[in-house]
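One structure below.
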Amino acid sequence: MDGSIKKVAVLGSTGSVGQQALDVIRALNAKFRAIGLAGGGNLRILERQIKEFQPDMFYSSITPDFAYKGDFLSMEEIASHPDVDLVIVATSGKVGLSPTLAALKAGKTVALANKEVLVMAGEIITHTARLHKAQIQPVDSEHSAIWQCLRGEESKPQRIFLTASGGPFYHYSPAQLSEVTVEQALHHPTWKMGKKITVDSATLMNKGLEVIEAHWLFAVPLERIEILIHPQSIVHSIVEFVDGSLKAQLSFPDMRLPIQYALCYPERLSGAGLPHLDVSKIQCLKFEPVNLNKFPCLKLALSAGRQGGTYPAVLCAANEVALELFLNQRISFTDIATIVQGILEQHQNIAQPSLEEILAADAWARERVRKQKSR
Ligand code: MG
């Protein structure tokens, strides 16, 4: 990196990844400036961030109740603004899709944490990036690990092993799973993350979405991506080459590392003071194959990924609404999978969908889940 300051837009700045991205930017303030901030419903956090970072432009999904001199713009306008060098998409669910497309069309480098964007519209997103010579840099820890392992390699990987902690309920019986409370589901054993992804990690839906995400990011066929349960969350993924050599990336589980790597790429910097792993104290790293039958959400995601078309968008939409219902204590933990499965079964797939068809499938699935539940 030269001496110039990289100008960054953070979309979803008030969420978990957004706040951690600002931690990194704060620590590396000689290299980065947050010139655009976009937040969801949490105005107090957004106001505090705006006071501190003094961005040129900002956005909030609800009308701000505070005054600020910067320009109030849409997320798409911020993402494609001529002054922005890099866009961190740290929103969650469907919200990030349109701003990500806007950023890519403007040729921006996108640090993508919002995996549903690739799951819903992987073909369109990767095509748009190629067309406009825009880079997509993963922020998801497993994908950052794969990216790091593939760096400098000219050969394509033979196989990718995505690691999964297994979440808090990996060893629960089916009966125990049906009794899981919201509070339990929001307590992840190794990672500090937002609500949606924490519950998605507990159902293992998150890992299914990550398989589809890896497929698009690294152009590797789905059948060459495997899942390994690795409860310690130290090995963030493994890449296997044709000669039998394996490369893995290890670190303390801390989202600020993949965020910082995406921001600083191709450099590595030490500034943010991230915790270092003491290898001599690890003692044991465990890996085991995943039990698909225990976690129906994972099975549904893998199947939707294989079928392609509008299925992955319907999967994401149904899961997002079912997850909200679970967080509002309207349905049980195991109902999430039942609802998603029901909606997928009712869906008429469209192969090679347009963006409009993807958004229509998304809207159909959301409506369908809500209608079923209001009965
Ligand atoms: Mg991940």
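The values are calculated or read from the model by the stated rules, or taken from the named source; none is laboratory data. All of these numbers come straight from a predicted model, not from anything done at the bench. We place every Cβ from the backbone using ideal geometry, glycine too, and count neighbours over all the protein chains shown. Heavy atoms of the whole protein, side chains included, go into the accessibility calculation; ligands, DNA and RNA do not. Shrake-Rupley method; radii C 1.70, N 1.55, O 1.52, S 1.80 Å.
When you count, for each residue, the other Cβ atoms within 10 Å and take the mean per peptide, how do 91-101, 151-161 rank with the highest first?
91-101, 151-161
Stretched out fully, how many nm does the piece from residue 293 to residue 346 gain, at 0.36 nm a residue minus the Cα gap?
Full-extension gain reported as 16.9 nm.
Dipole of the chain, Cα-centred, from +1 at each Lys and Arg C-beta and -1 at each Asp and Glu C-beta, to the nearest 20 debye?
For the chain, the charge dipole is close to 300 debye.
Under 15 Å from the Cα of residue 156, which aspartates and glutamates turn up, not counting those fewer than eight places away in the same chain?
Within the straight-line cut-off, residue 156 pairs with 223, 240, 243.
Under a plain spin-label model, where a point goes 7 Å from the Cα along Cα-to-Cβ, how far apart in nm are residue 153 and residue 126?
According to this spin-label approximation, the distance is 1.6 nm.
Whole-Å semi-axes of the range 271-375's equivalent ellipsoid, largest first, each the root of 5 times a Cα gyration tensor eigenvalue?
After diagonalising the Cα gyration tensor, the semi-axes are 33, 18, 16 Å.
Taking the Cα centre of each part, how many Å lie between the range 293-317 and the range 218-253?
Cα centres, the range 293-317 to the range 218-253: 21 Å.
Can you give me the P(r) profile for the range 219-299? Cα pairs, bins 5 angstrom wide beginning at 0, each as a whole percent.
3, 10, 17, 19, 19, 18, 10, 4, 1
Might you tell me the accessible area per residue for the chain, computed with a 1.4 Å probe and given in Å²?
Per residue, the chain has an accessible area of 45 Å².
Normalised by the number of residues in the chain, what is the relative contact order in percent for Cα pairs under 8 Å and 6+ residues apart?
16
Using 0.36 nm per residue of separation minus the Cα-Cα distance, give me the extension gain between residue 133 and residue 338 in nm, one decimal.
Gain on stretching residue 133 to residue 338: 69.7 nm.
For the chain, what is the percent of antiparallel DSSP beta bridges, rounded to the nearest 5?
25
Estimate the FRET efficiency between residue 246 and residue 222 by the formula 1/(1 + (r/R0)^6), using the beta-carbon distance for r and 22 Å for R0, to the nearest 0.05.
That pair, residue 246 with residue 222, gives E of 0.65.
For the range 176-257, run through the trypsin sites (Lys or Arg not before Pro) and keep only the ones in DSSP coil with at most 12 other Cβ atoms within 10 Å of their Cβ.
Here the sparse-neighbourhood loop sites are 192.
Bin width 5 Å, origin at 0, all Cα-Cα pairs of the range 162-297: what percent of pairs per bin?
2, 8, 16, 20, 20, 17, 10, 4, 2, 0
Can you show me the helix-derived [θ] at 222 nm for the chain, built from DSSP H runs with n ≥ 4 at -39,500 (n - 2.57) apiece and divided by the number of residues, rounded to the nearest 500.
Rounded to the nearest 500, the figure is -13500 deg cm²/dmol.
Counting only protein heavy atoms and a 1.4 Å probe, tell me what percentage of the chain's accessible area is made up of carbon and sulfur.
The nonpolar share, carbon plus sulfur, comes to 51 percent.
Two decimals is fine: what's Rg over Rh for the range 61-211, C-alpha atoms, Kirkwood radius as Rh?
1.03
Can you quote the Å³ per residue value for the convex hull of the Cα atoms in the range 6-139, rounded to an integer?
89
List the pairs from 31/207; 6/299; 115/373; 6/69; 108/299; 69/133 whose alpha-carbon separation is above 31 Å, in the order I gave them.
Going by Cα-Cα distance, 31/207; 6/299; 108/299; 69/133 fall outside the 31 Å limit.
Toward the positive end of the charge dipole of the chain, about the Cα centre and with charges on Cβ (Lys, Arg +1; Asp, Glu -1), which of 186, 57, 305 goes farthest?
The residue sitting most towards the positive pole is 186.
Which helices pass in the chain if a helix is a full DSSP H run, must span at least 18 angstrom along its long axis by Cα, and must have mean Kyte-Doolittle hydropathy not below 1.0?
311-327
Taking the Cβ of residue 314 as the center, what net charge do the other residues with Cβ under 13 Å away carry, scoring Lys and Arg +1 and Asp and Glu -1?
In short, -3.
Working from the alpha-carbon coordinates of the chain, get Rg over Rh, Rh being the Kirkwood radius.
Ratio of gyration radius to Kirkwood radius: 0.95.
With Cβ to Cβ distances under 11 Å as the rule, what net charge do the other residues near residue 19 carry (K, R +1; D, E -1)?
Taking every Cβ under 11 Å from that of residue 19, the sum is +3.
Among residues other than residue 95 whose Cβ falls under 12 Å from its Cβ, what is the net charge (Lys/Arg +1, Asp/Glu -1)?
Surrounding charge for residue 95 is -2.
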